[in-house]
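Take a look at the structure set out below.
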Amino acid sequence: MAKAKLAIATFVAAMAVISPAVAQQLSNAQRDAAVQFALNNTRHTMFHEIGHLLVDQLDLPVLGREEDAVDTMATLLMLDTGTEADVVGLQDTIEGWLYSESFRPSRGYVNSAFYGAHSLDIQRSYAMVCLMVGSDYDRHTQYATRISLPIDRQTSCAEDYRIAERGWSAVLEPHRREGAPASDVSVQYRDTRGEYPEAQALLEQAQVLEQYADWVAKNYVLPRPVRMTAENCGEVNAFYDLETREVILCYEWVDFFYELYVSDIMPVREHFELMRKLKLDKLGRLD
Ligand SMILES: [Zn+2]
């Protein structure tokens with residue numbers, strides 16, 4: 001029987017061949033920014049897969065499509081921390097999905113985009129920004145406007161946020177740990193056999209899997225042991241495996257977002273930063 005796996009992505013898997021390894025010298029600051037971008041996209045992905053894990057292990061009701069629901073859970077968790085780091089993390093994740101959309105072949109959509117389990121990448125990015133601006137209009141309206149979410153939709157997003165927050169709180173609350181023994185969540189980094197040593201080293205050094213395993217173990221009472229695994233998957237993706245009760249983060253996923261940042265996002269951000277500085281210099285001279 002084929003393994004039942006719930007994935008994070010459909011289209012993005014084809015992108016690895018579009019974004020070749022970028023052979024260029026990076027400054028330490030540029031490398032740090034690329035690492036942070038990859039980790040930010042990984043954060044939303046890990047919470048998405050943990051959402052599948054919680055639905056499965058806690059037998060949670062899901063009203064609507066599960067892929068949309070766990071995207072929502074991941075976004076709510078990052079909004080709930082209230083930190084600037086998580087706001088930037090959400091913005092980086094949105095940018096990741098928007099770039100994924102822009103890589104779509106010129107012939108446009110194929111039917112599988114419509115009958116697949118996931119919403120379109122562009123819808124996933126707008127759903128995230130809607131929850132952001134719905135949670136705190138003043139904090140996020142400037143960003144939402146920048147990525148073209150109209151003001152009338154920004155206003156109605158408050159209700160999307162309220163319903164999403166109420167739903168997830170209601171189903172998760174009975175399973176919160178509240179002093180019970182910590183759940184059994186193990187971690188493993190499978191050897192890449194040299195294919196993605198940088199991605200493996202990055203995840204191990206930053207203790208990425210440990211961080212999410214701790215979060216699950218401390219917050220929720222699970223009926224059975226579960227596992228967080230990082231490995232070579234042969235595709236740019238992440239999964240929850242229903243049979244092994246395992247969140248699987250592919251090294252290819254981390255590698256892909258690192259390369260995407262260096263090849264596509266960094267040049268744009270550096271250009272805008274330069275323009276901003278030039279503008280400020282000009283304004284300064286006018287004083
Ligand atoms: Zn999924």
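The values are calculated or read from the model by the stated rules, or taken from the named source; none is laboratory data. In this text the structure is predicted, and so the values were computed from the model without any measurement. So basically every Cβ, Gly included, is an ideal-geometry build from the backbone, and we count neighbours across all protein chains shown. Heads up: the accessible areas ignore ligands, DNA and RNA and are worked out on the full protein's heavy atoms, side chains in. Shrake-Rupley method; radii C 1.70, N 1.55, O 1.52, S 1.80 Å.
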Query raised in the report: Projected area of the stretch 129-287, taken from the Cα convex hull and averaged over every viewing direction, in nm²?
Result: 14.6
Query raised in the report: What cysteines in the chain have no other cysteine with a beta carbon less than 4.7 Å from their beta carbon?
Result: none
Query raised in the report: Using modelled amide H (1.01 Å from N, peptide plane; none on Pro or chain starts), what sits under 5 Å from the amide H of Cys233, excluding residues fewer than 5 places away?
Result: Tyr251, Glu252
Query raised in the report: When you count, for each residue, the other Cβ atoms within 10 Å and take the mean per peptide, how do 46-53, 141-148, 274-281, 222-229 rank with the highest first?
Result: 46-53, 222-229, 141-148, 274-281
Report task. Go through the stretch 35-44 residue by residue and turn each phi into a ³J(HN,Hα) via Karplus (6.51, -1.76, 1.60, θ = phi - 60°); whole Hz please, and just put x for glycine and proline. Result -> 4, 5, 4, 5, 5, 5, 5, 5, 4, 4
**Report entry** Rg/Rg_ref, the stretch 244-287, where Rg_ref = 2.2 N^0.38 Å and atoms are Cα
**Finding:** 2.06
**Report entry** Value in Å of the Kirkwood radius, where the stretch 25-130 supplies the Cα pairs that are averaged
**Finding:** 15.1
Requested in this report: Could you list the GluC sites (Glu not before Pro) in the stretch 192-287 that lie in coil according to DSSP, counting only those with at most 14 other Cβ atoms within 10 Å of their Cβ?
Outcome: Glu195, Glu243
Query raised in the report: What size of dipole, in debye to the nearest 20, comes out for the stretch 184-287 about its Cα centre when the only charges are +1 on Lys and Arg C-beta atoms and -1 on Asp and Glu C-beta atoms?
Result: 600
Query raised in the report: In whole Å, what are the Cα extents of the chain along the three principal axes, biggest one first?
Result: 66, 48, 43
Requested in this report: Could you grab the Rg to Rh ratio for the stretch 216-278? Cα atoms only, Kirkwood for Rh.
Outcome: 1.26
Report summary line: Once amide hydrogens are built 1.01 Å from N within the peptide plane, the residues lying 5 or more places from Arg177 or on another chain with amide H under 5 Å from its amide H are Tyr220, Val221
Report summary line: At 4 °C in a medium of viscosity 1.567 mPa s, the stretch 91-208 has a Stokes-Einstein diffusion coefficient, with Rh taken as the Kirkwood radius over alpha carbon pairs, in µm² per second, of 72
Query raised in the report: Dipole magnitude of the chain about its Cα centre, charges +1 at Lys/Arg Cβ and -1 at Asp/Glu Cβ only, in debye to the nearest 20?
Result: 480
Query raised in the report: Each residue of the stretch 170-176 in order: what ³J(HN,Hα) in whole Hz does its phi give by Karplus 6.51 cos²θ - 1.76 cosθ + 1.60, θ = phi - 60°, with x for Gly and Pro?
Result: 5, 7, 8, 3, x, 9, 5
Report summary line: For the chain, dividing by residue count, accessible area per residue (probe 1.4 Å) in Å² works out to 51
Query - Point-to-point label distance, Leu172-Ala29, nm (Cα→Cβ direction, 7 Å offset) - result: 3.6
Query raised in the report: Under 14 Å Cα-Cα from Lys218, which aspartates and glutamates qualify once same-chain neighbours fewer than 8 residues away are excluded?
Result: Glu173, Glu178, Asp184, Glu210
